[in-house]
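The values are calculated or read from the model by the stated rules, or taken from the named source; none is laboratory data. On a predicted model such as this, the values are computed, not experimentally measured, just so you know. Glycine also receives a Cβ, built like all others from the backbone with ideal geometry; neighbour counts cover every protein chain displayed. Areas reflect the complete protein model, heavy atoms only, side chains present, ligands, DNA and RNA absent. Shrake-Rupley method; radii C 1.70, N 1.55, O 1.52, S 1.80 Å.
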Amino acid sequence: MPVDRDVYPEPPTKTPIRENLSGLPNPNILIQKVFFYAVDRPVTIFHDWIERQRASRKIYYYHRVFQRVPDLSQCLEDDLFCQYEAEMQWKRDLKVDSEILKIMRERYTACIKREGYSSAQNCAELKEEYAQASRGYKARYEYLGANGNARKCLMKQKERMIEERKAAKAAQA
């Protein structure tokens, strides 16, 4: 799985690299080398040996793909199985939407850290995308509470649609 840095490479920084002007060796480099040879290398060798042992009986992990089910509004009143499936679909959608929002927030904050003083200009597009996604997420999931479910979300959507119709009628008149 590619890391976000592999897909979106970071542009080179324009900050100059500090050079060591004194003739003394850097103690941090010495500590890093001692740690590498005393701790990291033996652990890595042991880990590689374990991985070679496990390679003969490889375990495959697959991403589970769920089929989309009808929305709660399409279920009959007495169809409990359909309502349960719609509820589970809503919970999966909530998790996916929250992860999408989290990734967008991380990209935006990384852009702000990378760009520094010129972040307002260079990160404006990411900021607008994040703001739009955040508005959509809040419109759907905000104020549902800890016990939010598909039925409450559907009722919230229905109330929002009724308010929009009332506002459109008031604008026409």
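Just a few scattered comments:
- Between region 152-173 and region 90-135, the C-alpha centres lie 28 angstrom from each other.
- Cα coordinate range in region 11-158, projected on the principal axes (Å, largest first): 80, 53, 25
- Cysteines in the chain that lack a partner Cβ within the 4.7 Å cut-off: CYS153.
- Calculated FRET value between ARG160 and LYS58, using beta carbons and R₀ = 41 Å, to 0.05: 0.25
- Whole-number D in µm² s⁻¹ for region 1-82, Kirkwood Cα-pair radius fed into Stokes-Einstein, 25 °C, 0.890 mPa s: 120 µm²/s
- Proximal aspartates and glutamates to LYS113, defined as alpha-carbon separation beneath 14 angstrom and excluding residues fewer than eight positions away on the same chain: GLU10
- What you get for the chain, charging only the Cβ of Lys and Arg (+1) and of Asp and Glu (-1), is a dipole of about 220 debye around the Cα centre.
- Net lengthening on full extension, GLN121/GLU106 (0.36 nm per residue, minus Cα-Cα): 3.6 nm
- Formal net charge of residues neighbouring LYS166 (Cβ-Cβ distance under 12 Å; K, R +1; D, E -1): 0
- Residue pairs, from the table LYS102/LYS152; LYS102/LYS156; LYS102/LYS166; LYS14/LYS138, whose Cα atoms sit over 32 Å apart: LYS102/LYS166; LYS14/LYS138
- Approximating the spin labels as points 7 Å out from Cα along Cα→Cβ, the PHE81-to-VAL34 distance works out to 6.8 nm.
- Surface accessible to a 1.4 Å probe, VAL96 within the full protein complex, Å²: 80 Å²
- Two-decimal ratio, region 85-168, of alpha-carbon radius of gyration to 2.2 N^0.38 Å: 1.38
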